[in-house]
Amino acid sequence: MKLSYILSEQTNPYKNLALEEYLLWNVEKDECILYLWQNRHTVVIGINQNPWKEAHVKELERDGGFLARRMSGGGAVFHDLGNLNFTFLVRDEKYDLACQLDVIIHAVAKFGVHAVRSGRNDILADGKKFSGNAFFNSRGHCYHHGTLLLDVDMSNLSRYLNVSHTKLQSKGVDSVRSRVINLRDLAPDITVESLQAALIEAFGEVYGAPPQLLSDERLNQEEVGKYAEKYASWEWRLGRKLLFTTEYQNRYAWGDLTLQFCVEGGIIKDAIAYSDGMETNFIRAMGDTLKGVVFSSSEMKNRLLRLAQFVPVDKTMLDDITALVEEHNF
């Protein structure tokens with residue numbers, strides 16, 4: 001397999017996410033790209049999350065920060081220059097999550113840090129999270145990306161992120177700060193530059209080939225610029241805020257879910273679903289699917305079951321969602 005790597009030279013989240021998407025659609029068939037990048041003072045939310053619920057948007061932007069939305073699922077994260085982001089970009093036939101995670105684990109081991117994978121998307125050291133991971137797959141193109149906390153200002157995690165008590169209780173902790181750790185607390189000499197070098201070295205060791213710097217000639221800056229406009233747009237970042245009349249919410253093993261409905265005359269006139277779940281396509285489709293449906297549990301369940309015939313979804317997740325609808329007697 002051909003191994004390529006690229007390091008972003010700037011810290012604007014919209015430009016970094018734009019380059020990530022460009023690489024996603026342009027990775028070659030027998031290639032894996034490792035992309036390393038940093039965002040300054042940024043909250044990044046998952047594709048299906050509600051920005052006003054997940055982040056203190058006004059305070060963040062008042063302090064000169066950025067609110068960004070990625071294409072993958074998962075929860076909200078805070079980035080500053082004490083954080084290094086990584087992305088593996090590859091076609092689906094070459095996608096290998098175990099190898100990709102091994103690159104991270106091998107890289108931090110070079111600094112004496114013993115890391116292990118935990119749960120659906122975390123990497124832990126000393127029992128605490130230093131890396132959260134998320135995933136995207138469409139039309140045979142995949143990426144796996146995540147954070148690496150080196151020296152993040154932990155006070156800003158609680159300042160700008162609004163993590164629900166239910167979510168924290170499901171993790172068995174009482175605050176965001178109590179469940180995360182900076183790599184520098186475990187390896188005081190680690191730097192962004194030394195970790196970048198270790199990741200590139202581990203990339204070659206795990207895959208058994210020498211990584212090559214991706215040529216600038218492969219980047220179409222005009223296309224990258226168009227993606228950057230999308231990521232910076234109000235429509236992409238904040239979308240629409242539903243004036244809802246009814247809301248259902250619950251937390252499950254696969255993530256949280258909030259359903260909001262605007263109901264008039266017993267008919268769902270508008271609907272939207274928010275979630276940090278990793279299976280993003282079904283969640284995204286739920287709102288449009290439920291529009292125009294009679295506001296009854298049986299009609300809503302039938303419509304969701306019909307949607308599941310066309311949009312793949314995990315059975316447990318589907319059962320949980322339909323059960324949430326059926327819990328309400330109307």
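The values are calculated or read from the model by the stated rules, or taken from the named source; none is laboratory data. Just so you know, these numbers come straight off a predicted model, no measurement behind them. Note that each Cβ is placed from the backbone with ideal geometry, even for glycine, and that neighbours are counted across all protein chains shown. Remember, those area values only see protein heavy atoms, side chains included, never the ligands or the DNA or RNA. Shrake-Rupley method; radii C 1.70, N 1.55, O 1.52, S 1.80 Å.
Decide, for segment 12-108, between rounded, prolate and oblate: order the square roots of the alpha carbon gyration tensor eigenvalues as a ≥ b ≥ c, take rounded if a/c falls under 1.5, and otherwise choose prolate if a/b is larger than b/c, else oblate. Prolate shape, in that a/c is at least 1.5 and a/b is the bigger ratio.
Helix 280-290 axis versus longest C-alpha principal axis of the chain: approximately 20°, rounded to the nearest ten.
Where does the charge balance sit around LEU101 when Lys and Arg score +1, Asp and Glu -1, over other residues with C-beta under 11 Å from its C-beta? Please report the intermediate quantities before stating the final value.
On the way: positive: ARG117; negative: ASP96, ASP102, ASP122.
Charge balance in the 11 Å sphere: -2.
When all protein chains stay in place and ligands, DNA and RNA are ignored, the 1.4 Å accessible-area order of MET71, MET278, largest first, is MET278, MET71.
Annotation for ARG139 and LYS226: the two label points, set 7 Å from Cα along the Cα-Cβ direction, are 1.1 nm apart.
Considering only ASN50, VAL224, LEU243, the residue lying farthest towards the positive end of the dipole of the chain is LEU243, judged by Cα position with unit charges set on Cβ. Taken over segment 15-120, lysine pairs spaced eight or more positions apart, or on distinct chains, with alpha carbons under 27 Å apart number 6.
Can you check how the C-alpha radius of gyration of segment 76-157 compares to 2.2 N^0.38 Å, as a plain ratio?
On the way: Rg = 13.3 Å, N = 82, 2.2 N^0.38 = 11.7 Å.
Rg over 2.2 N^0.38 Å, computed on Cα atoms: 1.13.
Surface composition of the chain: carbon plus sulfur atoms hold 48% of the accessible area, using a 1.4 angstrom probe and ignoring ligands, DNA and RNA. Summing Lys and Arg as +1 and Asp and Glu as -1 over all other residues whose Cβ lies under 13 Å from the Cβ of VAL294 gives a net charge of +2.
When the charge dipole of the chain is built from unit charges on Cβ atoms (+1 for Lys and Arg, -1 for Asp and Glu) and taken about the Cα centre, the candidate among GLY82, HIS114, LEU257 whose Cα reaches farthest toward its positive end is LEU257.
How big is the charge dipole of the chain about its Cα centre, in debye rounded to the nearest 20, if each Lys and Arg gets +1 on its Cβ and each Asp and Glu gets -1 on its Cβ? Before the final figure, lay out the partial values.
On the way: 37 positive and 44 negative charges, 146 e Å.
For this selection, approximately 700 debye.
In the complete set of protein chains, residue-level accessible area for TRP52 is approximately 90 Å², probe 1.4 angstrom.
Of the residues LEU149, ALA134, LEU7, the one whose Cα sits farthest toward the positive end of the charge dipole of the chain, with +1 on the Cβ of Lys and Arg and -1 on the Cβ of Asp and Glu, is ALA134.
Mean residue ellipticity, 222 nm, helices only, the chain: the sum of -39500 (n - 2.57) across DSSP H runs of n ≥ 4, divided by residue count and rounded to 500, is -10500 deg cm²/dmol.
Around PHE203, what is the net charge, scoring Lys/Arg as +1 and Asp/Glu as -1 over all other residues with Cβ under 13 Å from its Cβ? List each step's numbers first, then the result.
Values: positive: LYS2, LYS110; negative: GLU31, ASP96, ASP102, GLU201, GLU205.
My count for the surroundings of PHE203 gives -3.
Using the structure shown, select from LYS226/LYS291; LYS269/LYS301; LYS230/LYS301 the pairs with a Cα to Cα distance greater than 26 angstrom.
Details: LYS226/LYS291 31 Å; LYS269/LYS301 17 Å; LYS230/LYS301 34 Å.
Listed pairs above 26 Å: LYS226/LYS291; LYS230/LYS301.
Summed over the residues of the chain and divided among them, the accessible surface reaches 45 Å² per residue at a probe radius of 1.4 Å.
With charges set only on the Cβ (+1 for Lys and Arg, -1 for Asp and Glu), what does the dipole of segment 46-87 come to about its Cα centre, in debye to the nearest 20? Don't jump to the answer; show the numbers that get you there.
On the way: 5 positive and 5 negative charges, 36 e Å.
Taking the Cα centre of segment 46-87 as origin, the dipole is about 180 debye.
Please list, in order, the residues from segment 31-58 whose amide nitrogen is less than 19 Å from a point placed 7 Å along the Cα→Cβ vector of GLU193. Once the point is set 7 Å along Cα→Cβ of GLU193, 36-39 turn out to lie under 19 Å by backbone N, inside segment 31-58.
Each of (1) 36; (2) 48; (3) 40 is a candidate for percent of Cα pairs over 29 Å apart; the one calculated from this structure is (3).
Stretch MET1-ASP63 to full length: gain in nm at 0.36 nm per residue minus the Cα-Cα span? Don't skip to the end; give the middle numbers.
Numbers: separation 62, 0.36 × 62 = 22.32 nm, distance 4.42 nm.
Between MET1 and ASP63, full extension yields an extra 17.9 nm.
The trypsin sites (Lys or Arg not before Pro) of segment 1-56 that meet both conditions, a loop assignment by DSSP and at most 16 other Cβ atoms within 10 Å of the site Cβ, are LYS29, ARG40.
The aspartates and glutamates within cross-link reach of LYS315, meaning a Cα-to-Cα straight distance under 17 Å and a gap of 8 or more places when in the same chain, are ASP256, GLU279, GLU326.
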